[in-house]
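Q: What follows is a single structure, and I will ask about it in a moment.
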Amino acid sequence: MKRVLYLLLVFLGAPGQSWAYISPLPTLGKVITDSRHVVVLEVDKVSRDKQVVIFKKVADLKGEGAPAVAKHKLTEGLNPRQMRTILDWAEPGKTAVCFQTDRSSLTCVGDFWYESAAGDDSWWTMTTGRPELSFAYSGSPAKLRGHVTEMLAGREVVVTALKFRLLTPVPGGGTERKWETVDTVEAVGARRLMRGKDWPVWRIKASLKMPNTLPELIAGHSELLAGDGPGGAEDVPALVKALKHEDARVRVEAAEDLGRIGPPAADGVAALLKLAEHDPDPLVRLEAAKAAAGIDPKNEAAVPLLVEALKDKVGPVRKRAAECLGDLGPGARSAVPTLTKAVKDSDPTVSWAAIDALGQIGPDAGPAVPTLVEALADADTRGAAVGALGQIGRKAQAAVPSLEKIVLKEDNGGLRWAAAAALVRIGGPGVKTGVRYILETATHDRERNWTDATNILMAPTSREALPALLDTVRDPAVRQLASETAAEVAVYLTKDPLTDVKELLQDKDAGVRCVTAWVLHSARNVDLKEVLPVLQETLKATDPWARRQAARYLGRLGPYAKDAAPALSAALDDKDEDVRRAAAEALKSIQQK
């Protein structure tokens, strides 16, 4: 359980956020409780050139006196994708739900949340995207409005949210090697788009009395977890009936829910295919086709309908077709050639959607890599192309030189971060550049980047980053984060021979040898009798940081490090105060029964 809690702290413990409840991953109940105002906003005007969205207030759900107009100045936040997501969504008439304190706000536009800081004259400036809040709620703003209203009235509701799993402890310590949670934190750390097949939802019973944080809810209140998906097989008949509703929005949401239910909604496929071919609203047709393909991946009729829609004369239809194909993930691999052509669409929103879709399809989109590399040279598309190449992974090796150029020479910090994360995910010769940039950036700006850096570097896709992490331990500027993250990565590599890591036990740098020994121990790749001599020897190193680190590691071993007691006792006279303190704490740990 200790390991589970540590991972949660790594994922959730982002320090220094302006909203006190964000750090521990709040439930929807906590978000509402800590808000002074909750208002429903409607998009009135949008300026994509000026990156501004003007909202008008349409309802007060909590509190009174919120201004009738809210003006949001958008920024790239921590990733170019974040601002683009909001601008692509913002059309006059669209609604959002905004949770406000005196100086900060959180705005939910459905499948994406963002945070803003208050300014003067009803202006709010976006500070960053908050994709992890989709674990509190993910769904339409209209449904969220209803949920908030009911919860404020003291009633319990069932909400949909992205599914988040804790790692499962196993007898004897450690955890099962489950990558679901680690992949999740990597996506948050890389600040990638979280939507589609890889991001299923579940249902949570929500009220103002629910636990404050999601980990509390999952670990101690399983009765509040209502089931996977937006519904079960029992909900299918009502959703199929809703496919005939006169309101297109209702038909879209019904189709989307059926698709998210998946195979248990098989009885709805026929109705969905009929809707996909004959509904008068093109966006309803697209959502129905996507849902049918999601329920029955072997169905040969649905994906071609979406591919054909990529050639529609209307830009928003082409854009939505690309988004639907991306949401299907690898199931839309047959659309790769058409999506690749759509990268060069005359409508920039279609280009971004096509690039995002190729990334969501993943390694099967490898043939699109040359086109995506070209997109890196275009200021209008590079933000999306960087993320897509990272998601394609190893098959995007051809993009490494271009991504390295972005990391080393680009002025945009968010773009450089995304490119560095992509290099780590792709692997190969670009790993060192990616690791170095992530470590340096996180160390220089710990408040914004430290947690995200750890999340990226401990992901399963970053196995090749481990030797690079250990190599950077020799650099005083970044070695603390490098050593901490390397140990985290090791926990998930118990079946890996780690031959390339063992070579570093012979490194000339005492700190590298020390951390390598601990990493190999954490991965259970070497016997303790091989680790202890390295740590004891490090207690005599000239580098005080290495001596301190060795003492701390020995302390973590507790009674198993009893043979190191004489060396630690000698370290009580070390000239460095921190080393003396670490040695004393280690001896105390060793002596405990």
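Every read-out reported here was derived from the displayed coordinates using simple, explicitly stated rules and does not represent laboratory data. Please read all numbers here as calculations on a predicted model, not as lab measurements. Cβ sites come from the backbone with ideal geometry, for glycine too, and all protein chains shown count toward neighbours.
Q: Along the Cα→Cβ direction, 7 angstrom out, place labels at Asp563 and Ala153. What is the inter-label distance in nm?
A: Between Asp563 and Ala153, the simple spin-label model gives 7.0 nm.
Q: Right, something else. To the nearest 10 degrees, how steep is helix 141-152 against the longest Cα principal axis of the chain, on a 0 to 90 scale?
A: 70 degrees
Q: Show me, for region 319-325, the HN-Hα J-couplings you get by feeding each phi into the Karplus relation (A = 6.51, B = -1.76, C = 1.60, θ = phi - 60°), rounded to Hz, glycine and proline as x.
A: Here the 3J(HN,Hα) series is 4, 5, 4, 5, 4, 5, 5 Hz.
Q: Note the per residue figure in Å³ for the convex hull of the C-alpha positions in region 436-536.
A: 87 Å³
Q: If the viscosity is 0.692 mPa s and the temperature 37 °C, what translational diffusion coefficient in µm²/s does Stokes-Einstein give for the chain when Rh comes from Kirkwood over Cα pairs?
A: Answer from the Stokes-Einstein relation: 129 µm²/s.
Q: For the pair Arg394/Thr499, report the inter-label distance in nm, with labels modelled 7 Å from Cα in the Cβ direction.
A: Going from the Arg394 label point to the Thr499 one covers 1.6 nm.
Q: Find the centroid of the Cα atoms in region 351-368 and in region 548-577, then give the distance between the two in whole Å.
A: For region 351-368 versus region 548-577, the Cα centre distance is 51 Å.
Q: Turning to a different aspect of this structure: Tell me, what ³J(HN,Hα) does each residue in region 304-318 have, in order and in whole Hz, if you take phi through Karplus 6.51 cos²θ - 1.76 cosθ + 1.60 with θ = phi - 60° and put x for Gly and Pro?
A: x, 5, 6, 5, 5, 5, 5, 9, 4, 6, 9, x, x, 5, 4
Q: Follow-up question, since we're still on this one. Taking H as built 1.01 Å from N, whose amide H comes closer than 5 Å to the amide H of Ala206, not counting residues under 5 places away?
A: Val157, Val158, Val159
Q: Let me ask something else about it. How high is the relative contact order of region 24-160, in percent, counting Cα pairs under 8 Å that sit 6 or more residues apart? Intermediate values should be presented prior to the final figure.
A: Numbers: 286 pairs, mean separation 32.5, N = 137.
Value for region 24-160: 24 percent.
Q: Starting from the Cα of Lys344, step 7 Å along the direction of its Cβ; do the same at His245; then give the gap between the two resulting points in nm.
A: 4.2 nm
Q: Follow-up. Cα centroids of region 21-82 and region 96-168: how far apart, whole angstrom?
A: 8 Å
Q: Could you go through region 347-355 in sequence order and give the Karplus-derived ³J(HN,Hα) for each residue, using 6.51 cos²θ - 1.76 cosθ + 1.60 with θ = phi - 60°, rounded to whole Hz, and x for Gly and Pro?
A: After applying 6.51 cos²θ - 1.76 cosθ + 1.60, I find 8, x, 5, 5, 4, 4, 5, 5, 5 Hz.
Q: Find how many whole Å separate the alpha carbon centroid of region 461-538 from the alpha carbon centroid of region 251-289.
A: 51 Å
Q: Right, next: Could you calculate the FRET efficiency of Ala584 with Ala377 from 1/(1 + (r/R0)^6), where r is the beta carbon distance between them and R0 is 51 Å, rounded to 0.05?
A: 0.35
Q: In the chain, what % of DSSP beta bridges are antiparallel (nearest 5)?
A: In the chain, approximately 95 percent of DSSP beta bridges are antiparallel ones.
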